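The values are calculated or read from the model by the stated rules, or taken from the named source; none is laboratory data. No experiment lies behind these values; they were computed from the predicted model shown. All Cβ positions, even for glycine, are placed from backbone atoms using ideal geometry, and neighbour counts span all protein chains on display. Areas reflect the complete protein model, heavy atoms only, side chains present, ligands, DNA and RNA absent. Shrake-Rupley method; radii C 1.70, N 1.55, O 1.52, S 1.80 Å.
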Amino acid sequence: MTGGTNGSTAGDVILKVEGIDVFYGASKILFGVDLEVGRGRTLALLGRNGAGKSTTMKAIAGIARPRKGSITMEGQNLAGERPDIIARAGIGYVPEDRQVFTMHSVEDNLLIGMKKGIRGQEDWTLERVYDTFPILARMKDRRAGLMSGGEQQMLTIARTLMGNPDVLLLDEPSEGLAPIIVQAIGDLIRTLRETGVTIVLAEQNMHFCLGISEDAAVIDKGHIVYRDTIAGLRANEEVTKRYLAI
Amino acid sequence: MIDFDALAACLSTSACLVNQATSGLIIGMLLFLVASGVTLIFGVLHVINFAHGSFYMIGAYFAYTTYVLTGNYFLAALVGAVGAGICGILFERLIISRVYGQNLLMQLLVCYAFILIVDDLVKIIWGAEYLAMGIPAEFRLPPLRFAGGFVPPFYLFLVGIAVFIGVGSVLLVTKTRFGKIVRAAALNAPMVSALGIRVNVYFALLFGFGCALAGVAGALAAPVRSLTPGMGLGILVESFIVTVIGGMGSIPGAFLAAIILGLTRSIGSVGFPLFVDGAMFMIMALVLIFRPTGLLGQGAVR
Ligand SMILES: Nc1ncnc2c1ncn2[C@@H]1O[C@H](COP(=O)(O)OP(=O)(O)OP(=O)(O)O)[C@@H](O)[C@H]1O
Ligand SMILES: [Mg+2]
């Protein structure tokens, strides 16, 4: 692994992924992936199309089962657990293909996501979500399947927040959205950061992450090839040229 | 084949009409309760519970024994419903959940084995001969007179309870968080699971609820029908017809279809006693030809 310092996250690691291998059928997709996420920090997981970002996120969320390695959240090993157990351990997952419940209203989507956090916290309520996402308040009775891509993206993030996660996994929230919506999503993530939630942000676009995350990991062909602060990554032209489509 | 004279005679006297309509209605309500369980389970879990009739039987026998022991019919009905519900949850967890998503033949086989086992268990516990509960003490009141016909008070109770439960089921599925979660999980279980919800528990509870509906039907049928091992089979077939006519997954559809079939049965027993079953299948065939999704069906619970 080419490596940056990464000293900043060493202090208080909330989520730690160590040496996970993931297979789809017979093909190996992840090769010993390691990640460390500092409490209250935002880590950008960067990589090209097909590099393995989503697979890493799915493995953490329990949607894909790692065949090897460990995933620990606050010291509790979660590798191989069911998605609902992982969610109740405080990890909120926002998938890349959004997956709103299309037949349900916006509000029902939010209600399905409602749960207490791991310390019993109920910071996110319907009122607070509607406050943070005025667009959802306006559409609360609309069928989620009738919303635009950007609106659905807002809804999936809000739906996961209703579960009061300590760690939020965001898989390419800007994918396929118009620039103005991408901007709005960026602003939203910055707002969320201020609430103290830890975020793992999978992205192809480093520039989107610049003002958002402080740490960065680069994945390529299922291997983590670089870890540093995002500023360090940005300054490292060799790595950005080689592994990111910039 | 059709006895037009008898039919005309009955249809023209209000007393006969009232009697046939009420008996048609109670058949319909029993069918509705059983069919709404079938349709709910299918709509959410995409599995056809061929063993549903067994839970109707379990409900009837549990209610019978409770009534014999306590003399309290309301308690008996409750025990029938809850008992069938618990058996349903066990059946779902231990047996049917293992064949979710597998081919229909496998599911059919597993259910058929279950039906045979339960029928034999009933024979061992309650015996093979017919049992009769009779009208419960609470309802041994003079029949109500209505337009020249007689309506036993128990019949009114039966219809009232069935309508109440039917409305309750629709509200449960559409308005409660439980129903919302279950409907979402029917379409995208992994996502629901990723939100921290134990999807399997919800599926089992829904299955149990569907079986409890059959159990209530059995308990309500116990006073007016005789109990026998194997009594689940007839109602199973008829409730499938109801489900198909009403539309798979639609509770209002099941209600409508059950009333149509109930009335066909009771009026038919006067006018074309030899062709009652045939008439029911004919209605089903017509619906399938002209409205393949059923009268109110869309394919899944919405
Ligand atoms: N269900 C699957 N079955 C088989 N192979 C898969 C499956 N899903 C993904 N893959 C493969 O795994 C590799 C990693 O995919 P992944 O979705 O994790 O990439 P990604 O970094 O998220 O890419 P993108 O930026 O396009 O979302 C790719 O080569 C992909 O083709
Ligand atoms: Mg991806």
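Relative contact order of chain B, taken over Cα pairs closer than 8 Å and 6 or more residues apart, is 38 percent. Per residue, the solvent-accessible area of chain A (1.4 Å probe, heavy atoms of protein chains only, all protein chains present) comes to 41 Å².
Can you tell me the orientation of helix A:179-194 relative to chain A, as the angle in degrees between its alpha-carbon axis and the longest Cα principal axis, to the nearest 10? That helix lies at roughly 80 degrees to the long axis.
When the Cα centres of segment B:125-187 and segment B:223-302 are compared, how far apart do they sit, in Å? Cα centroid of segment B:125-187 versus Cα centroid of segment B:223-302: 17 Å apart. Most simply put, chain A has about 55% antiparallel DSSP beta bridges, counting only bridges with both residues inside it. Could you check how many percent of all C-alpha pairs in segment B:146-289 are farther apart than 26 Å? For segment B:146-289, the fraction of Cα-Cα distances above 26 Å is 38 percent.
Taking A:ARG138, A:ARG193, A:ARG119 and ordering them by how much accessible surface each has at a 1.4 Å probe, largest first, produces A:ARG138, A:ARG119, A:ARG193.
To the nearest 100 Å², how much accessible surface do chains A and B hide from each other in total, with a 1.4 Å probe? Let's see the in-between values first.
Values: alone 10910 and 13720 Å², together 22950 Å².
Adding both sides of the contact gives about 1700 Å².
For chain B, the longest principal axis of the Cα atoms and the long axis of helix B:231-246 meet at an angle of about 80 degrees.
Dividing the summed helix terms, -39500 (n - 2.57) for each DSSP H run of n ≥ 4, by the number of residues in chain A produces a 222 nm estimate of -9500 deg cm²/dmol to the nearest 500. Residues of segment A:72-108 buried by at least 20 Å² of accessible area upon assembly of all protein chains, compared with the chain on its own (1.4 Å probe): A:ARG82, A:PRO83, A:ASP84, A:ALA87, A:ARG88, A:TYR93, A:GLN99, A:PHE101, A:MET103, A:HIS104, A:ASP108.
Highest GNM mean-square fluctuation among B:ASN49, B:ASN103, B:ASN200, for chain B modelled with Cα contacts below 10 Å: B:ASN103. Max-minus-min Cα coordinates of segment A:7-244 on each principal axis give 47, 37, 36 Å, with the largest extent listed first.
For segment A:7-244, the relative contact order is 27 percent, taking Cα pairs closer than 8 Å that sit 6 or more residues apart in sequence and dividing their mean separation by the residue count. Distance from the C-alpha centroid of segment B:22-98 to that of segment A:13-51: 49 Å, rounded to the whole angstrom.
Report note on the peptides B:182-194, A:224-236, A:175-187: ranked by the mean count of other C-beta atoms within 10 Å, highest first, their order is B:182-194, A:224-236, A:175-187. Compared with the dominant Cα axis of chain A, that is its longest principal axis, helix A:149-161 is turned about 90°.
Given a 1.4 angstrom probe, I'd like the percentage of the accessible area of the protein assembly as shown that is carbon and sulfur, rounded to a whole number.
Details: 14310 of 22950 Å².
Carbon plus sulfur share of accessible area: 62 percent.
If you count the DSSP beta bridges with both ends in the protein assembly as shown, what percent of them are antiparallel, to the nearest 5? In the protein assembly as shown, approximately 55 percent of DSSP beta bridges are antiparallel ones.
Working note: Cα atoms of the protein assembly as shown, range along each principal axis, descending, whole Å: 97, 48, 40.
From its DSSP helices (H runs of at least four residues, each -39,500 (n - 2.57)), chain B gives a residue-normalised ellipticity at 222 nm of -25000 deg cm²/dmol.
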